[in-house]
Amino acid sequence: MSEQNPSSVEIMDAFDRRDLAWFIDKLVQVLVFIGGISAIVFIIGIFIFITMEGFGFLLDTLDFREFFMSPWWEPTDEDEPSFGILALIAGTASVTGLAMLVAIPFSLGAAIYIGEFATGKKRESLKVLVELLAAIPSVVWGFIGLSIMNPLIIELFDVPVGLNVLNAGVILGLMAAPIMTSIAEDALKAVPDRYREAAEAMGATRWQVIFKVVLSAAKNGLLGAVLLGVGRGFGETMAVLMATGHAINIPGSVFDSVRALTATIAAELGETAVGSDHYQALFTIGIFLFVITFVINLTADLIVRGIRNK
Amino acid sequence: MRATRHLTAVAAIICLVSTSVSARTVIQNKGSDTLVNVAQAWAEEYRNVDSEVAVAVSGGGSGTGIAAMINGTVDIANASRKMKKKEIKRAKDAGQNPIEHVVGYDALAVFLHNDNPINTLSIAQLAKIYGRGGGAENWSDLGVTVPGCKKGKIVVVSRQNNSGTYAYYQKAVLKTAAKAGVIAKSKYRMGTLDMHGSKDVVDLVEKTPCAIGYSGLAYATDHIKMACIATEEGKDCVSPSVKTASDRSYPIARPLLMYTNGEPQGAVKAYMDWILSDAGQCILKKKGYAPVRDVSCN
């Protein structure tokens, strides 16, 4: 009896642990794990999905030279359809480029002010406001482009149509600025205070401290912020669809109407027959966009992470 | 034993449900946005004709309706363009047999800003404006100056490439002109503003002195000018109207089509017959489209 006792106690112990709390514990463990890996599962799932939809076309029908070099996007032409996205790439690139010209000064200025000058309540309320700005839905931005910017541009610059690179670039710049501000401010905050103290101890003025020391120490993080803004610009759809004029065009000036890659998918996918060449070509654009934004965001993330680990 | 009892219960329920459903036949009708208003009006009116039949109408564009016909999910597909050879082949491969019915005509009006001095345009001139390598970039190329359009550049407004209106305009204007040798290829030029709906085209042209656009006659407003269209320069022009579309004298009027899967039968046949009757055609006429034949409506 006395020999068997310890082992039966052990068995009882084991049984004891498997009560309700034990199961809940296990369940929560599994749920948290699923939550943790869900982002990876989703991104792989999405990639597999768009690749499967567009891959047949990518391998069989698609002429890569035509796809990237031809400006003619005429997927529904009955006699000789052409699938060139050069004009669409030019549209997206020109709008994003102008957006960065608008957003970089804005967001950098805002980040320097919030990070280095503003204090107390002012700083907190500014940060909340910037985040609020980031939460404005893109269709609202598009609406601003369509109904406010359009007549304004016609009036100011005396051009026939106000839906063009300038309109979309400004709208997109204002859309990208908040997120760029947040990340740029994080980058400034990551610069150790001892750098600033050392510079001030050397007799540097406040501007000298910011320009010569803080900005150059934070330059990787700031570059990351700009790259994330570029990624946002490439992926934005609704506002760009509404503000660019949706014209297939290789722009010669900021007053030319253009069309973005994303807007093309948004405007056309709903009305194509599933599995047709047009449908698959749109998915191929999707793959292209996915790869570009993935590379940009990954680069930005690595740069930002690099500075944090230093 | 218990299992059989369950099965009988389920079977009884299924019988009950199916009898109550079969009392009301549902016709699925989908497609062209040009036709959707008329299709809706037909469906509403048909309730008074045959209360046993319900017609479910949705829009989405000719392409959407035709895709649904290929996939076999609709009884009637509405289209403002003919099915392409490829689409017919795909439908046949999928076991469907789409049959075309002309249910009306729609004149495609060419819209100009009210300040534009032009009243008449020929097909060749339209092709020079819209076609690739057509050469008409400025209003001065057509011999006019438009007040309010300072730089003189023509703002060419078109539709997105899966619209039935886009495809018909390409065929009726660009292909015709290409055959006559006015332009080299029946393709649109680069840089047209591709609007996502007929109403957007009208809105933009209304506000833009430099613009030219096209859409269905039913979308015209009082604040916009419609060009009189001549088949050849110097010939008499025809203004777009329900009458000129109906008697086929207007050169860019397109048939409005409904596709059924096989020859229509039963409730679908009764519905199609009613649409082509005087009652159905009058509803179409009231919505601004041209009936297939002369009808007198009150």
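The values are calculated or read from the model by the stated rules, or taken from the named source; none is laboratory data. In this text the structure is predicted, and so the values were computed from the model without any measurement. All Cβ positions, even for glycine, are placed from backbone atoms using ideal geometry, and neighbour counts span all protein chains on display. All accessible areas refer to the heavy atoms of the entire protein, side chains included, with ligands and DNA or RNA removed. Shrake-Rupley method; radii C 1.70, N 1.55, O 1.52, S 1.80 Å.
Relative contact order for chain B: 25 percent, from Cα pairs under 8 Å spaced at least 6 residues apart, divided by residue count. Between B:Lys243 and A:Lys189, the modelled labels are 7.5 nm apart [label points 7 Å from Cα along Cα→Cβ]. Inter-chain neighbour count for B:75-87: the average number of beta-carbon atoms from partner chains within 10 Å of each residue's beta-carbon is 1.
The calculated FRET efficiency for B:Glu44 paired with A:Leu20, based on their beta-carbon distance and R0 = 56 Å, is about 0.40. Expressed to the nearest 5 percent, the antiparallel share of DSSP beta bridges inside chain B is 55 percent.
Per-atom-type breakdown for the protein assembly as shown gives carbon and sulfur 61% of the accessible area (1.4 Å probe, protein chains only).
Here each label is just a point 7 Å from Cα along the line to Cβ, and for A:Val291 and A:Ile44 those points are 2.1 nm apart.
Taking both sides together, the accessible area buried where B meets A is about 2800 Å² for a 1.4 Å probe.
Using the rule -39500 (n - 2.57) for each DSSP H run of four or more residues, divided by the residues of the protein assembly as shown, the 222 nm mean residue ellipticity is -17000 deg cm²/dmol. Each Lys and Arg contributes +1 and each Asp and Glu -1, all at the Cβ; summed about the Cα centre of the protein assembly as shown, the dipole is approximately 620 debye.
Near A:Ile148: Cβ cut-off under 15 Å, other residues only, Lys/Arg at +1 and Asp/Glu at -1. The net charge is 0.
Protein heavy-atom accessible surface, 1.4 Å probe, per residue over the protein assembly as shown: 50 Å². The packing ranking, built from the mean of other Cβ atoms within 10 Å per residue, places the peptides A:255-266, A:74-85, A:31-42 in the order A:255-266, A:74-85, A:31-42, highest first. How far is the Cα center of segment B:206-238 from the Cα center of segment A:206-243, in Å? Between the Cα centres of segment B:206-238 and segment A:206-243 lies a distance of 48 Å.
For chain A, the number of Lys pairs separated by eight or more positions or lying on different chains, with C-alpha atoms closer than 27 Å, is 13.
Each DSSP beta bridge with both residues in the protein assembly as shown is either parallel or antiparallel, and the antiparallel ones are about 60%. Considering Cα pairs under 8 angstrom that are at least six residues apart, work out the relative contact order of chain A and quote it in whole percent. Taking the mean separation of contacting Cα pairs over the length of chain A, I get 24 percent.
Rounded, prolate or oblate: which fits chain A when a ≥ b ≥ c are the square roots of the eigenvalues of the alpha-carbon gyration tensor, with rounded for a/c under 1.5 and prolate only if a/b beats b/c? It is oblate, given that a/c is not under 1.5 and a/b is not larger than b/c.
Computed over neighbours whose Cβ is under 9 Å from that of A:Ala267, the net charge equals -2, Lys and Arg +1, Asp and Glu -1. If R0 equals 60 Å, the separation of the Cβ atoms of A:Asp301 and B:Lys235 corresponds to a calculated FRET efficiency of about 0.35. Listed cross-link partners B:Lys235/B:Lys287; B:Lys151/B:Lys199; B:Lys151/B:Lys185; B:Lys207/B:Lys243; B:Lys82/B:Lys187 are compared with a 21 Å cut-off, the Cα-Cα value being larger for B:Lys235/B:Lys287; B:Lys151/B:Lys199; B:Lys151/B:Lys185; B:Lys207/B:Lys243.
If Lys and Arg each add +1 and Asp and Glu each add -1, what is the summed charge of the other residues whose beta carbon sits under 13 Å from the beta carbon of B:Leu142? After counting each charged neighbour, the total is -1.
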